[in-house]
Amino acid sequence: MELFVKEETLEKRSFKEKVIRGVLALQHLIAMFGATVLVPMLTGLDPSVALFTAGAGTLIFHICTKGKVPVFLGSSFAFISVINAVKADYGDLRYAQGGMLVAGLLFVVASFVIKKIGVDKVKRILPAQVVGPMIMVIGLNLIPTAIGMAQKGILLAAITLGTALIIRFFGRGFTRQISILIAVGVGYILALIMGYVDTNAIGEAALFATPNFTLPKFNIGAIMIIAPVVLAVFMEHVGDITTNGTVVGKNFIENPGLNRTFLGDGLATIMASFLGGPANTTYGENTGVLAVTKNYDPSILRITALFAIGLSFISKFGVAIRTIPEPVMGGISIMLFSMITIVGPKTIKSEKVKMNWKNILVMGSIIFVGLIAPYLNPMLQENFGFIVGINITDTVSISGLSLAAIVGVVMNLILNGINKK
């Protein structure tokens, strides 16, 4: 009888743990959902395919990285303009799929190059005085997007953000870990009362539907438009993986290795492109969730991936998630992106970067270029016909974060040299 009671207790605890893990995974799903479906909505790709490939791509990434890195892969914003350029020039999104597939192959090639030369050589050109400001630029460039979403309903965004912050600072235990989910729930209920939510769309949606999978087509012109984007995405990947590792307190550049994270991202993008989804990339929104919840279990992200795959076939639930108003997502995103930004100074402090004039100049240059280029370029393009960056093709250029990273690396090598140790 005593043995039976003990077994029953263990079974209950196991069920409770499963529920907790499911709720935490749902929180990650909500954080990534808006951005992941926004890319296909802006380019004409199928949002359901994007959800499927995001989930499947995340599982591929976790396999490649031995399940050690708590990362979710979603739709990459870096490819939006070139996808639309290919669509305009060739009239068929399948040519864009072909271009993204080649971009994924370049990621795979880069992973083998990194494995060949060794992570140590990569780390020598990416010290803390370069990586710390890069992380800050990632977060600071995302915050205006969140503010833009919040401005469409300031009261709704403020209540959502305020709820999350109150739970974050005064909550305890599991309640604190699901602060984002609770805040979004409060914001959604308030949005229903205020008439922000279109409930008719939920009622009219079909319960189940198969995503519109399509095979790629290949054209050298389309490939030349899309493939150069990887030069920008390479640096973003390094920054995102470094940020994720700093939040978790582990060095994922060394273990499982930058070559494995590149491989996972590349294979995920190849798979997505082959099925008709957008290129995949690591998601700052989910890293922000990690920073808020302090729960770094990678298996939670794998559950999120399964949710995303299942959701791609359940149209009604997908439409329900899509009805979450932008102010609600904007309010919560302000907190998530701010958490990412804070990781930058923490990296500089924890690595004990010397505050001499050389390092200050390197860090200041990265932040200046990373923040000023995205806002200065539209004005320069309109009035003078050039941008602050490196033109690769007529539709592709390196600016913003990627240019800032290149400037920082070069300046650090000139001023500090390569650490011979």
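The values are calculated or read from the model by the stated rules, or taken from the named source; none is laboratory data. Predicted, not measured: the structure shown is a model, and the values here were computed from it. Backbone-built Cβ (ideal geometry, glycine too); neighbour counts: all protein chains shown.
Things to note:
- Out of 324, 418, one residue alone is part of a loop (DSSP other than H, G, I, E, B), modelled with pLDDT under 85 and surrounded by fewer than 18 Cβ atoms within 10 Å (Cβ to Cβ). It is 418.
- Failed item in (1) touching a helix residue (DSSP H, G or I) at 6+ places or on another chain (Cβ under 9 Å); (2) closer than 30 Å to residue 169 by Cβ; (3) free of Cβ contacts under 8 Å to residues at least 12 places away in the same chain, with residue 240 passing the rest: (3)
- Selection status of residue 71, within 15 Å of residue 267 (Cβ to Cβ) and in contact (Cβ under 8 Å) with a residue 24 or more places away in the chain: yes
- Unmet requirement for residue 159, which otherwise passes all of (1) surrounded by fewer than 20 Cβ atoms within 10 Å (Cβ to Cβ); (2) out of contact with any Gly (no Cβ under 8 Å at 6 or more places or on another chain); (3) farther than 30 Å from residue 78 by Cβ: (2)
- You will find that of 214, 246, 199, the residue that is touching a helix residue (DSSP H, G or I) at 6+ places or on another chain (Cβ under 8 Å), in contact (Cβ under 8 Å) with a residue 40 or more places away in the chain, surrounded by fewer than 16 Cβ atoms within 10 Å (Cβ to Cβ) and among the β-branched types (Val, Ile, Thr) is 199 and no other.
- The residues listed here are 305, 291, 373, 268; of these, the one that is touching a strand residue (DSSP E or B) at 6+ places or on another chain (Cβ under 6 Å) and either polar (S, T, N, Q) or assigned to a helix (DSSP H, G or I) (or both) is 268.
- Residues of region 62-94 that turn out to be in a helix (DSSP H, G or I) and either of a type outside the set (A, V, I, L, M, F, W, C) or modelled with pLDDT of 95 or more (or both), as a count: 9
- Output for region 28-62, where each listed residue is without any contact (Cβ under 8 Å) to a residue 40 or more places away in the chain and either aromatic (Phe, Trp, Tyr) or touching a His at 6+ places or on another chain (Cβ under 8 Å) (or both): none
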